[in-house]
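Trainee: Sharing a structure with you now.
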Amino acid sequence: MKRIRSFFFIAAAIMSISIVSINAQTGNDAAVAKQVNKKIRSLTNYGVFDYITYSVNNGNVTLNGKVASLGTKAEAERVIKKVNGVSSVVNNIENLPPSPSDDQIRWQLVRTFSEKGLYRYIAMPNPEVHIIVEMGRVSLEGHVTRKADADALNVFANSIPGTFRVTNNIIVGDTAAE
């Protein structure tokens with residue numbers, strides 16, 4: 001009977017140590033993610049025409065997204081590697097190819113959104129909505145507070161000459177990045 005009780009006691013102790021270890025890793029990942037988010041939002045050239053997402057798993061950070069600003073991909077990797085608790089960085093960020101027609105679409109979108117009263121979502125620094133244009137295809141990324149604003153951004157983006165397709169990935173609600 002004592003052996004069985006001892007066995008269960010040891011097994012329970014091992015399980016509790018494992019759970020504490022898992023919770024510590026999860027808590028550490030949350031702290032790392034918060035720092036990664038802060039670093040991305042403070043990149044030198046990160047703006048409305050760039051969109052970077054990330055995931056953190058046991059200190060391993062994976063960066064995804066697309067950037068139009070030269071040097072932003074390399075800068076993102078460099079600053080994220082310096083974050084305390086980051087053990088490795090996988091950089092899957094794509095540099096968008098230079099394109100005068102895409103640039104024209106980008107700036108026409110900014111003008112249109114500004115004229116229609118939606119400037120607050122694309123204002124620098126740290127815009128809530130990011131505009132990705134690649135070969136005439138527009139992707140709207142980010143957060144807005146009202147569904148009507150998300151719908152308006154979509155309608156206005158579809159009205160820009162030279163735009164082939166608009167993908168609206170806008171999230172509605174008060175869930176703006178911290």
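Trainee: For the structure I just gave you, tell me whether Asn126 is free of Cβ contacts under 8 Å to residues at least 40 places away in the same chain and under 22 Å from the mean Cα position of the chain (by Cα).
Mentor: no
Trainee: Please find, among Arg106, Arg41, Arg78, the residue that is surrounded by fewer than 18 Cβ atoms within 10 Å (Cβ to Cβ) and either under 19 Å from Glu141 (Cβ atoms) or hydroxyl-bearing (Ser, Thr, Tyr) (or both).
Mentor: Unique residue meeting the criteria: Arg41.
Trainee: Given the criteria surrounded by 15 or more Cβ atoms within 10 Å (Cβ to Cβ) and hydroxyl-bearing (Ser, Thr, Tyr), does Ser139 qualify?
Mentor: Yes.
Throughout, read-outs are computed from the coordinates displayed, never taken from laboratory work. Quick caveat: nothing in here was measured; it's all calculated off a predicted structure. Cβ: placed from backbone, ideal geometry, glycine included. Neighbour counts: every protein chain shown.
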